[in-house]
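Inspection log for the structure reproduced underneath, given as structure tokens.
The values are calculated or read from the model by the stated rules, or taken from the named source; none is laboratory data. This structure is a prediction, so every number in the text was calculated from the model and none was measured. Note that each Cβ is placed from the backbone with ideal geometry, even for glycine, and that neighbours are counted across all protein chains shown. Ligands, DNA and RNA are excluded from the accessible area calculation, which covers all protein heavy atoms including side chains. Shrake-Rupley method; radii C 1.70, N 1.55, O 1.52, S 1.80 Å.
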Protein chains: 6
Amino acid sequence: MARPDGRVPTQLRPVNIHRNWLRHAEGSALIEFGDTRVLCAATVEDGVPRWRRGTGEGWVTAEYAMLPRSTDTRGARESVRGKIGGRTHEISRLIGRSLRAVVDFKAMGEHTITLDCDVLQADGGTRTAAVTGAYVALADAMKHLRKRRKLKNNPLTGSVAAVSVGVVQGQPRLDLNYLEDSVADTDMNVVLTGDGKFVEVQGTAEGQGAAFDRELLNKLLDLASGGCEELTAIQKKALSE
Amino acid sequence: MARPDGRVPTQLRPVNIHRNWLRHAEGSALIEFGDTRVLCAATVEDGVPRWRRGTGEGWVTAEYAMLPRSTDTRGARESVRGKIGGRTHEISRLIGRSLRAVVDFKAMGEHTITLDCDVLQADGGTRTAAVTGAYVALADAMKHLRKRRKLKNNPLTGSVAAVSVGVVQGQPRLDLNYLEDSVADTDMNVVLTGDGKFVEVQGTAEGQGAAFDRELLNKLLDLASGGCEELTAIQKKALSE
Amino acid sequence: MARPDGRVPTQLRPVNIHRNWLRHAEGSALIEFGDTRVLCAATVEDGVPRWRRGTGEGWVTAEYAMLPRSTDTRGARESVRGKIGGRTHEISRLIGRSLRAVVDFKAMGEHTITLDCDVLQADGGTRTAAVTGAYVALADAMKHLRKRRKLKNNPLTGSVAAVSVGVVQGQPRLDLNYLEDSVADTDMNVVLTGDGKFVEVQGTAEGQGAAFDRELLNKLLDLASGGCEELTAIQKKALSE
Amino acid sequence: MARPDGRVPTQLRPVNIHRNWLRHAEGSALIEFGDTRVLCAATVEDGVPRWRRGTGEGWVTAEYAMLPRSTDTRGARESVRGKIGGRTHEISRLIGRSLRAVVDFKAMGEHTITLDCDVLQADGGTRTAAVTGAYVALADAMKHLRKRRKLKNNPLTGSVAAVSVGVVQGQPRLDLNYLEDSVADTDMNVVLTGDGKFVEVQGTAEGQGAAFDRELLNKLLDLASGGCEELTAIQKKALSE
Amino acid sequence: MARPDGRVPTQLRPVNIHRNWLRHAEGSALIEFGDTRVLCAATVEDGVPRWRRGTGEGWVTAEYAMLPRSTDTRGARESVRGKIGGRTHEISRLIGRSLRAVVDFKAMGEHTITLDCDVLQADGGTRTAAVTGAYVALADAMKHLRKRRKLKNNPLTGSVAAVSVGVVQGQPRLDLNYLEDSVADTDMNVVLTGDGKFVEVQGTAEGQGAAFDRELLNKLLDLASGGCEELTAIQKKALSE
Amino acid sequence: MARPDGRVPTQLRPVNIHRNWLRHAEGSALIEFGDTRVLCAATVEDGVPRWRRGTGEGWVTAEYAMLPRSTDTRGARESVRGKIGGRTHEISRLIGRSLRAVVDFKAMGEHTITLDCDVLQADGGTRTAAVTGAYVALADAMKHLRKRRKLKNNPLTGSVAAVSVGVVQGQPRLDLNYLEDSVADTDMNVVLTGDGKFVEVQGTAEGQGAAFDRELLNKLLDLASGGCEELTAIQKKALSE
């Protein structure tokens, strides 16, 4: 019942956030959850998408992608296949929604911030690392706008972090790596604000017989809340350096 | 605080299931959740996708789509735009996963069943109506296989149904229609098995300030469990006729 | 030489037109030619395509598609394949041209009406059912515009209906079903106005040796004229209810 | 009422067929109908499409396209737009069907012949020139197969030629050029075999009020029959040189 | 060591330029380098691409393509495959860059000239024939603009021509045909101005062990300079007729 | 005439090669040419593309791409646009050709190695950094194959490195950064083997009046040879650590 990397069930992998890893982006972070490595870049642009023009409100969106050899087996590029897969779309939308939960669009004015989350290396939990790193890049992009006096107030009303939880061999565990993820019965991604409220709960019973009862659901939510609390502290520390 | 169609917060819309609405499909159901109308068709094919060949196990998958004028404003066809949007992918994947939770693939042998869920008219809750109707079509497709003596045992290990819950003006409500859905702070789609276990929990705080606490989450899960219990009874009745 | 469903050569299948089958569309009809079932929806939009702007004239166009399991064997979705097939294009264009033959674009003003014709179930003659049903949806969309006082005069200068004719085992027959269509030597789709003039004549000798002489062509045209006369009466009745 | 190029109503434009214009193709013809210039190339390949394998029968298919500056105004390349338009599909299918009407697939064995019809210069009637020229290229490709002793008997059971007819200012005319075509009320493309039977009749009333009666239809069919008779003679002469 | 067509190493194939081969284009040339036959059409349009508007400067661009049966074996159409291959892109860009080297965009005003270079028959050297022929079409398009008094001064500051050189069996040769090209160790395409300056030098060692030293590079450049001098004379003659 | 970063004309930017930056790839290098940062990953797969099967020979290919925010202004993802641009194709092909010049495919057996070169940050010279880094990743992938005893002999017959040279304000310079590249008259990318032979010479006069004479070409080639000699030494050092 030991975890493959020796962690206890409630333990995160080592988390590192390299802020400003990129020179051109208005905010950026290379975030590591163990061997998972995601490069998050925030781009600030004047103006908003057509359907939002004239509202005086801003917009935040995200695009997620994996480099072809981020994984154990090379995957074909989505640009070469000519279309974006369902999983990519789903995760891009999740990241965008998660960040928008802590943005006051009125305070942001008609600017758009795009978060590019590119997985350089994958070992499970790429979407939760992406949300967690993207928040840091977003915070720096907001600082960039304020420094240039394009915004009066900080549009961020809080922070967000995300973590995966799952059930492996009957045991609820925090922050699954790829090995654990691939054998988990239940897989849940949870996004929480810095003050402990839920932004997203996406739990899935993987395969026949894995449906879970209310008690187990509660245990998983407890695990996730604890994990995000730790991640929030790490984000804060990175942003204060 | 009254609901636009006069329902109490714990009340489903009228649900109708027209079994065998199609002549060619091995199983089919036209399901209505109020004005939401989804045509679910099950197609049985010999063989399985390449990555599953030789395992002796079957496969169940789903495709969701909306007719261009199912909605209030006409939407461009995805075939004309040349690509499938993120929302379509996400829902197709959700339906497939939900159904697979109650299928014993070994008992199914190397057959593939595809569930086509086409929204003829939309008024909120199209994805939950699709899951609920697709289960009925799937059950009939399994009967079709057993009648033709292609299967010894019933591969279905249970049933699934789905319902949406949400918070409108602070009030948790069951089975939102479009009007309610468009103003809800929190939107949650829940898939449960017939014996009350969770298959999918997808909760999202819609927009800034909507993050929800644990207590509210619990209320929403209670509502969803009650709604799916009713839907399960309706499915059973439809399949027994 | 008997027809598979017992009809005489000059006999249509039972035709049903369910007007206003959809709640959102400005006009709609679920039309049945026997087991062929096509859902026709008319969408009214202000404005016209770019190349027509400023002319003061309206536009009518159509899109045809088949649900994947409308047919005996499931067909891949065109949205999934990422492109629209030649047959789909050809039929969409035919429907649009046919309807435009009875529209006075000046009287219509700069509005666009799009007819979506989605085949829910196919048993031969889907394109002719689509033209015939689309006319009914179009007529209702025009009424919708007049009721809202957006048009002074009725832009419809007549009605259109369509039917297939073909030669099976040497015998000219009206309104072929799928079984007949698949063995026919000659296949012809004819669109006529309510006063018996030709809008489209599309006759094809299917395969080697099937080329037809002038006498046979004349017989087929007679059959088609008779069939469309009946369809015109059915349309009128539906629209008067 | 005079035609723009001085022809009488029943007169074809000057027709030229340059056989074997290409070095690599197994058959080829550069055909001119006045200023319309289409390069037709026949490619012979061993084998047939998947759905026809093992039948012992051959296949004939066609692809039509226009060079971007074949027309008065440059058109975007379909390769650049990333998809083939409806008109292109429709004409490609027409050419293929027309040729297949005079091919005995059993005698052809499992070979595929593809006719590429590329419009180098367009002045109306490109599809009818393409059918007429493609037949010549096809005939040479069949000879090529017989010379190499891959076929015992000639699979061609006849010839095909095509011509357009239309009504301009009330006058039925043969072989419209672009100027005439763009103002015609009725436009009809007719494909006939060398012995005067119909393979395709595609007549369209262009726009409101253009629907045509039976008498006019008969006149147009007479004109087309006469024109194809002349074209058949020109094909024969070209192939005998 | 003799060349397949008997030429000496420094000899071009017979070159023919048929000016104004097309009726609609503002400039056109059918150019032949031996059996290689490329149709070059220049289209003049008012205005420039968005990124260049308001600069008062013109733009020249090119699109290259091969007809499916220009080659020995039929190639699939790029429009059918739905995307343009890397080689096509590369050559289109090369042609555009080459021509722009001799255009004074200020003198051209805000006009765009597009050069369509379609290979009707291929026997090696299609891109160099395209550059050489496109220059002639471009020159005629500039004359067209000046005749219509849309330009005061000739924007052409010189001429360009292109030729391939390569090493076959150790011997440097000018203007390779397909047979030679397919066995060459080194392949180089060189574009020169009429006064002997380099616009493009694209040399490639084809395959393992083919890397070339400076001495050989110099010999190839000498050959190319000589070849382009001859081509420049042929262009001049064609344009003076 | 000073360079923006203070280098002398013959000086490279600081070059760093981080070998084995990725955990999954069979070879990898994060290479830096100043602020240009390219992640090169080599993937080894059994088997070769269809057209090469049964030859006993291997294959090496490459794919180049830029992350959206590698540049100063965010670029749309090619996966989102649904197609790969001409520049991307051109560079991918260049990298593949360059590497193949030093591979003995017979010694490699039927394996395929794919080099993914993803630009994480761009400041000019991304393609030359990619070639230089990809060679290091390729060398490690070959070692990987030999360690697993899948190859007897080293298929690498030498090394390759690449550098850009150009003319800025009349001065020939080595290894241009973005600032220099954007104002250069002439831009040349040169790939050389470790023993100083040319694999690729791609020189372009950028815009009107920039065509260059033979003397200048010689100076640029000298600069490139010197630069690649240094890069070869840096590759060797990286591979020996």
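Values for this structure:
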| item | result |
| --- | --- |
| Pick from region C:210-220, criterion of a type outside the set (D, E, K, R) and facing chain D (nearest Cβ under 7 Å), ranking: nearest to C:Val160 (Cα to Cα) | C:Leu217 |
| Qualifying residue in region D:20-30 (condition: under 29 Å from D:Leu220 (Cβ atoms) and either in contact with a strand residue (DSSP E or B) (Cβ under 9 Å, 6 or more places away or on another chain) or not in a loop (DSSP other than H, G, I, E, B) (or both)) | yes |
| Failed condition for A:Met142, given (1) in a helix (DSSP H, G or I); (2) surrounded by fewer than 22 Cβ atoms within 10 Å (Cβ to Cβ); (3) at pLDDT 95 or above; (4) among the hydrophobic types (A, V, I, L, M, F, W, C) | (2) |
| Residue that is over 26 Å from B:Gln202 (Cβ atoms), polar (S, T, N, Q) and more than 17 Å from the chain's Cα centre (by Cα), where the choices are B:Thr71, B:Thr55 | B:Thr55 |
| Test: residue in region A:50-62 that is more than 28 Å from A:Gly109 (Cβ to Cβ) and in a loop (DSSP other than H, G, I, E, B) | no |
| Tally of residues being surrounded by fewer than 21 Cβ atoms within 10 Å (Cβ to Cβ), within 12 Å of chain E (Cβ to nearest Cβ) and not in a helix (DSSP H, G or I) across region F:75-87 | 3 |
| Residue check for B:Pro9: in a loop (DSSP other than H, G, I, E, B), more than 17 Å from the chain's Cα centre (by Cα) and under 30 Å from B:Val167 (Cβ atoms) | yes |
| Any chance B:Glu45 is closer than 15 Å to B:Ser164 by Cα, part of a strand (DSSP E or B), charged (D, E, K, R) and within 13 Å of chain C (Cβ to nearest Cβ) | no |
| Region E:63-74, residues that are assigned to a loop (DSSP other than H, G, I, E, B), out of contact with any His (no Cβ under 9 Å at 6 or more places or on another chain) and either surrounded by 24 or more Cβ atoms within 10 Å (Cβ to Cβ) or more than 10 Å from every other protein chain (Cβ to nearest Cβ) (or both) | E:Leu67 |
| Test: residue in region D:125-136 that is more than 10 Å from every other protein chain (Cβ to nearest Cβ), over 19 Å from D:Asn16 (Cα atoms) and either open to solvent by 20 Å² or more (accessible area, probe 1.4 Å) or in a helix (DSSP H, G or I) (or both) | no |
| Within region B:184-207, considering residues that are in contact with a Lys or Arg (Cβ under 7 Å, 6 or more places away or on another chain) and free of Cβ contacts under 8 Å to residues at least 24 places away in the same chain, the one nearest to A:Val167 (Cα to Cα) | B:Thr204 |
| Residue in region B:1-19 that is nearest to B:Leu220 (Cα to Cα), counting only those that are open to solvent by 70 Å² or more (accessible area, probe 1.4 Å) and at pLDDT 95 or above | B:Thr10 |
| Close pairs (6 angstrom Cβ cut-off, 6 or more residues apart or separate chains): closer than 13 Å to F:Val191 by Cα and open to solvent by less than 70 Å² (accessible area, probe 1.4 Å) in region F:212-235, modelled with pLDDT of 95 or more and part of a helix (DSSP H, G or I) anywhere | F:Leu231/F:Thr132 |
| Every residue from region D:149-170 that is part of a loop (DSSP other than H, G, I, E, B) and touching a strand residue (DSSP E or B) at 6+ places or on another chain (Cβ under 9 Å) | D:Lys150, D:Leu151, D:Pro155, D:Thr157, D:Gly158, D:Ser159 |
| Count of region F:196-218 residues which are among the polar types (S, T, N, Q) and part of a strand (DSSP E or B) | 2 |
| Close pairs (7 angstrom Cβ cut-off, 6 or more residues apart or separate chains): over 14 Å from E:Gly207 (Cβ atoms) in region E:169-183, basic (Lys, Arg) and crowded, with 22+ Cβ neighbours inside 10 Å anywhere | E:Glu180/E:Arg173 |
| Top-ranked residue in region D:88-109 [being more than 8 Å from chain C (Cβ to nearest Cβ) and surrounded by fewer than 17 Cβ atoms within 10 Å (Cβ to Cβ); ranked as farthest from D:Thr157 (Cα to Cα)] | D:Gly109 |
| Given (1) closer than 26 Å to B:Ser98 by Cβ; (2) outside any helix (DSSP H, G or I), number of the condition A:Leu221 does not satisfy | (2) |
| Cross-chain or 6+ apart pairs with Cβ under 8 Å, region F:12-27 first and within 12 Å of another protein chain (Cβ to nearest Cβ) and over 10 Å from F:Cys40 (Cα atoms), then charged (D, E, K, R) and open to solvent by 30 Å² or more (accessible area, probe 1.4 Å) | F:Arg23/A:Asp35; F:His24/A:Asp72 |
| Pick from region C:168-211, criterion among the β-branched types (Val, Ile, Thr) and open to solvent by less than 10 Å² (accessible area, probe 1.4 Å), ranking: nearest to D:Ser98 (Cα to Cα) | C:Thr186 |
| Residue in region B:146-153 that is touching a Ser or Thr at 6+ places or on another chain (Cβ under 9 Å) and touching a residue at least 24 places away in the same chain (Cβ under 8 Å) present | no |
| Residue in region E:171-195 that is nearest to the other protein chains (Cβ to nearest Cβ), counting only those that are over 16 Å from the mean Cα position of the chain (by Cα) and part of a loop (DSSP other than H, G, I, E, B) | E:Asp195 |
| Failed criterion for F:Gly58 (all others in (1) open to solvent by less than 20 Å² (accessible area, probe 1.4 Å); (2) in contact with a Pro (Cβ under 9 Å, 6 or more places away or on another chain); (3) more than 13 Å from chain E (Cβ to nearest Cβ) hold) | (3) |
| Some residue of region F:146-162 being open to solvent by less than 10 Å² (accessible area, probe 1.4 Å) and within 24 Å of F:Thr71 (Cα to Cα) | yes |
| Hits in region F:28-55 - residues which are crowded, with 19+ Cβ neighbours inside 10 Å and either free of Cβ contacts under 8 Å to residues at least 60 places away in the same chain or among the aromatic types (Phe, Trp, Tyr) (or both) | F:Phe33 |
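Okay, residues lined up against (1) without any contact (Cβ under 8 Å) to a residue 60 or more places away in the chain; (2) small (Gly, Ala, Ser):
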| site | (1), (2) |
| --- | --- |
| D:Leu67 | yes, no |
| D:Arg77 | yes, no |
| D:Val80 | yes, no |
| D:Thr88 | yes, no |
| D:Ser92 | yes, yes |
| D:Gly96 | yes, yes |
| D:Leu99 | no, no |
| D:Val102 | no, no |
| D:Met108 | yes, no |
